[in-house]
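The values are calculated or read from the model by the stated rules, or taken from the named source; none is laboratory data. As the structure is a prediction and not an experimental result, all values here were calculated from the model. Don't worry about glycine lacking a Cβ; one is built from the backbone with ideal geometry, like all the others, and counts go over all protein chains shown.
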Amino acid sequence: MHTPGPWEVLPEGPFPSHDPLDNGGYRIDGPGIEQIAYVWNSTRRWVDKGDGPEFGTRNGAADAYLIAAAPDLYEALRDLCASGGPDDGGDVFEKAKAALAKARGDKT
């Protein structure tokens with residue numbers, strides 16, 4: 001079972017620090033729960049030093065809002081699957097079932 005919603009996105013940073021890693025990002029909180037997840041903004045700390053890949057993501061805001069929508073998406077998929085799916089028997093229902101299984105952690 002997942003942490004109940006609603007989840008919200010709280011933008012943070014950049015943080016006052018000498019460390020270029022602290023470029024801020026987006027905290028996802030739930031009811032009475034701080035930081036269910038965190039999505040870091042992109043920083044080139046290791047790329048510029050030649051030590052590795054870019055840290056964080058350039059799509060931080062979009063990713064954070066997608067994560068925050070997880071409880072709502074889960075409920076919508078659960079309700080769709082419980083309804084028996086669309087009358088046309090199309091791929092939408094199969095995709096919804098697969099996404100719901102993935103959200104539950106079911107092995108496919």
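Quick look at the numbers
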| read-out | value |
| --- | --- |
| Helices (runs of 4 or more DSSP H) completely within region 39-103 that count 1 or more residues being out of contact with any Ser or Thr (no Cβ under 9 Å at 6 or more places or on another chain), at pLDDT 75 or above and not aliphatic (A, V, I, L, M) | 60-68, 70-82 |
| Close pairs (7 angstrom Cβ cut-off, 6 or more residues apart or separate chains): in the same structural domain as Gly25 (by TED's automatic domain parsing) in region 52-65, among the charged types (D, E, K, R) and surrounded by 15 or more Cβ atoms within 10 Å (Cβ to Cβ) anywhere | Phe55/Arg45; Thr57/Asp63 |
| Test: residue in region 16-31 that is at pLDDT 70 or above, assigned to a loop (DSSP other than H, G, I, E, B) and not assigned by TED's automatic domain parsing to the domain that holds Ala103 | yes |
